[in-house]
Amino acid sequence: MTNTVPRKLRLGMVGGGDGAFIGAVHRIAARLDDCYEVVAGALSSNRERALASGAAIRLDPARCYTDFREMARAEAARDDGIDAVAIVTPNHLHAPVATDFLEAGIHVICDKPLGISTAEGEALAALAREKNRVFALTHTYTGYPMVRHARELVASGAIGDVRLIQVEYAQDWMAEAGPQSEQFQRTNWHNDPERAGPTGCTSDIGTHAFHLAGFVSGIQPNELLAELHAFTPNRVLDDHVQVMLRYPNGARGMLWSSQMATGCENALKLRVFGTKAALAFDQENPNELWLTPQGGSAQRLTRGRVRGTAAEYATRIPSGHPEGYLEAFAQLYRDAAARIHAVNAGRPLPAETTALPTVEDGVAGMRFIDAVLASHKAGSRWTGLAG
């Protein structure tokens, strides 16, 4: 019998060395569905740290690089070179790293935001199209089964026409004593415009909120009014943002993101109100979605019980057994793997992977950041979004 199971993809990683939270998350997500094998990395620009980080995840020392450009060239030249690269660096390196690997013909899986400017993002989108490479952007929360079910319900007309969108992403880590210190603000890359980009909280988590709202509702705003603020002493970039949104169909929305929200851990919440019903999702309780018909009782929909849906495709274990953040992250890696195999074989992209965030979503996020900045600098005036 012919084995039709595709081989594991060979994955490389740039960034994510010893002590980096998000690097470990990417590696776990890549392994969860047995679609990838991590075989190479430029885990640090420091040789000693790069080798130690590579040894910790059992990489061949010969494939532990300190320069991502060297890694792109060397891996592209190998018969057993990487198929895809995961980029888990500070924001300012996203575009340069992605550019080098796309030019080398290697597929890209990149953390958000896409870069530190819209021009960078647009150039990446054009290059990905030119090279015909998969470019996945890890907007993690789109991997949750119940988020995908919410998106499907809106698209089916189950809640009617969308009228109101309320999304918030609240954390409190910047309110801790350490991040409040002058030394942290002076040295941490999250407060450095050269490395983080022109915004702080907005780029870090506001883009997640913005993307989730559009992902589920199926509509994008054409105008916004924004205020940025920094509660933290000596902070250059924002740690808090609030935005009002207007949509072409007449809908209205509000987006709030803060890293100074005392007592909030990772409180990403979305509510979408239609003419027939409303949906509510809470990231800290990701296995459930609330559907409330107009004039009716709230219905608790749970992962594993909504069969024959997009949620079922993104579900791994039976109902009642919680799935969470790592599985959602892994879903993006699984979708990306399916697309990479299809592109490599010259086949159409699998229909079930249409929910995967791509470089185009990254460009939309950069345009959102531009509009937020423009509105804020104009004294919180209504500002159009490019698109």
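Here's the yes/no breakdown for (1) aromatic (Phe, Trp, Tyr); (2) open to solvent by less than 30 Å² (accessible area, probe 1.4 Å); (3) in a strand (DSSP E or B); (4) modelled with pLDDT under 95:
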{"position": "ALA311", "(1), (2), (3), (4)": "no, yes, no, yes"}
{"position": "GLY320", "(1), (2), (3), (4)": "no, no, no, yes"}
{"position": "ALA328", "(1), (2), (3), (4)": "no, yes, no, no"}
{"position": "LEU332", "(1), (2), (3), (4)": "no, yes, no, no"}
{"position": "ALA337", "(1), (2), (3), (4)": "no, yes, no, no"}
{"position": "ALA342", "(1), (2), (3), (4)": "no, yes, no, no"}
{"position": "GLU352", "(1), (2), (3), (4)": "no, no, no, yes"}
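If you check every pair at least six apart or on different chains, which have Cβ atoms under 6 Å apart with a residue in segment 237-261 that is closer than 16 Å to SER380 by Cβ first and a residue that is surrounded by fewer than 21 Cβ atoms within 10 Å (Cβ to Cβ) and of a type in the set (S, T, N, Q) second?
These pairs meet every condition: MET254/GLN166; TRP256/GLN242.
Scanning for something in contact with a Leu (Cβ under 8 Å, 6 or more places away or on another chain) and either modelled with pLDDT under 95 or part of a strand (DSSP E or B) (or both), does segment 206-223 turn up at least one residue?
yes
Quick check on segment 249-268: of everything there that is farther than 17 Å from ALA213 by Cβ and small (Gly, Ala, Ser), which residue is most open to solvent (accessible area, probe 1.4 Å)?
Only one residue tops the list, namely GLY263.
Under 9 Å by Cβ, and 6 or more places apart or on different chains, what pairs join a residue from segment 282-299 that is free of Cβ contacts under 8 Å to residues at least 60 places away in the same chain and aromatic (Phe, Trp, Tyr) with one that is part of a loop (DSSP other than H, G, I, E, B) and open to solvent by 40 Å² or more (accessible area, probe 1.4 Å)?
Listed by first residue and then by second, the contacts come to TRP290/ALA298.
Only residues that are buried (at least 24 other Cβ atoms within 10 Å of the Cβ) and under 23 Å from ALA196 (Cα atoms): list them for segment 125-137, please.
PHE135, ALA136, LEU137 - these are the residues of segment 125-137 that are buried (at least 24 other Cβ atoms within 10 Å of the Cβ) and under 23 Å from ALA196 (Cα atoms).
Looking at (1) open to solvent by 50 Å² or more (accessible area, probe 1.4 Å); (2) under 26 Å from ARG347 (Cα atoms); (3) without any contact (Cβ under 8 Å) to a residue 60 or more places away in the chain, find the lone condition where GLU152 falls short.
(3)
If you scan segment 248-262, which residues turn out to be more than 23 Å from the chain's Cα centre (by Cα) and either within 18 Å of GLY384 (Cα to Cα) or at pLDDT below 95 (or both)?
The initial filter retains those residues of segment 248-262 that are more than 23 Å from the chain's Cα centre (by Cα), namely 248-252, 262.
If the condition is that a residue be more than 23 Å from the chain's Cα centre (by Cα) and either within 18 Å of GLY384 (Cα to Cα) or at pLDDT below 95 (or both), then PRO248, ASN249, GLY250, ALA251, ARG252 are the ones that fit.
Cβ-Cβ under 9 Å, sequence separation 6+ or interchain: first residue in segment 30-54 and farther than 23 Å from ALA330 by Cβ and among the basic types (Lys, Arg), partner open to solvent by less than 20 Å² (accessible area, probe 1.4 Å) and outside any helix (DSSP H, G or I). Which pairs?
ARG47/CYS64; ARG49/GLY17; ARG49/LEU43
Pairs under 8 Å by beta carbon, first residue modelled with pLDDT of 95 or more in segment 366-387, partner open to solvent by 40 Å² or more (accessible area, probe 1.4 Å) and among the aromatic types (Phe, Trp, Tyr), six or more apart or different chains?
Every condition considered, the pairs that remain are SER375/TRP382.
Looking only at residues that are in contact (Cβ under 8 Å) with a residue 60 or more places away in the chain and surrounded by 22 or more Cβ atoms within 10 Å (Cβ to Cβ) in segment 68-82, which one is nearest to PHE21 (Cα to Cα)?
Only one residue fits best here, namely ILE82.
Here is a check on your reading of the model: is ARG300 modelled with pLDDT of 95 or more, farther than 29 Å from LEU373 by Cβ, part of a strand (DSSP E or B) and touching a Leu at 6+ places or on another chain (Cβ under 9 Å)?
Criteria met by ARG300.
Give me the helices (runs of 4 or more DSSP H) completely within segment 57-154, filtered to those with at least 2 residues that are closer than 30 Å to PRO286 by Cβ, ordered by residue number.
94-103, 118-131
Identify the residue in segment 26-41 that is under 22 Å from the mean Cα position of the chain (by Cα) and open to solvent by less than 10 Å² (accessible area, probe 1.4 Å) and, among all such residues, is farthest from ARG73 (Cα to Cα). Show your work before the answer.
In the first step, residues of segment 26-41 are kept if they are under 22 Å from the mean Cα position of the chain (by Cα); the result is 26-38, 41.
Remaining after also requiring open to solvent by less than 10 Å² (accessible area, probe 1.4 Å): 26, 29-30, 36, 41.
Working: HIS26: 23, ALA29: 26, ALA30: 23, TYR36: 21, GLY41: 13 Å.
Checked segment 26-41; the qualifying residue farthest from ARG73 (Cα to Cα) is ALA29.
From LEU237, LEU270, LEU279, grab the single residue that is more than 23 Å from ASP111 (Cα to Cα) and at pLDDT 95 or above.
Matching residue, one of LEU237, LEU270, LEU279: LEU279.
If we keep just the residues of segment 155-205 that are hydrophobic (A, V, I, L, M, F, W, C) and part of a loop (DSSP other than H, G, I, E, B), which is farthest from GLY263 (Cα to Cα)? Steps first, answer last, please.
Just the residues of segment 155-205 that are hydrophobic (A, V, I, L, M, F, W, C), to begin with: 155, 158-159, 162, 164-165, 167, 170, 173-175, 177, 184, 189, 196, 201, 205.
Okay, now just the ones that are also part of a loop (DSSP other than H, G, I, E, B), so 158-159.
On the way: ALA158: 35, ILE159: 32 Å.
The residue in question is ALA158.
Might you let me know whether segment 281-291 holds any residue that is under 25 Å from ARG10 (Cα atoms) and either open to solvent by less than 70 Å² (accessible area, probe 1.4 Å) or part of a helix (DSSP H, G or I) (or both)?
Looking through segment 281-291, none of the residues is under 25 Å from ARG10 (Cα atoms) and either open to solvent by less than 70 Å² (accessible area, probe 1.4 Å) or part of a helix (DSSP H, G or I) (or both).
The values are calculated or read from the model by the stated rules, or taken from the named source; none is laboratory data. Given the structure is predicted, the values throughout are model-derived calculations rather than measurements. Heads up, the Cβs are rebuilt from the backbone with ideal geometry, glycines too, and the neighbour counts pull from every protein chain shown. Ligands, DNA and RNA are excluded from the accessible area calculation, which covers all protein heavy atoms including side chains. Shrake-Rupley method; radii C 1.70, N 1.55, O 1.52, S 1.80 Å.
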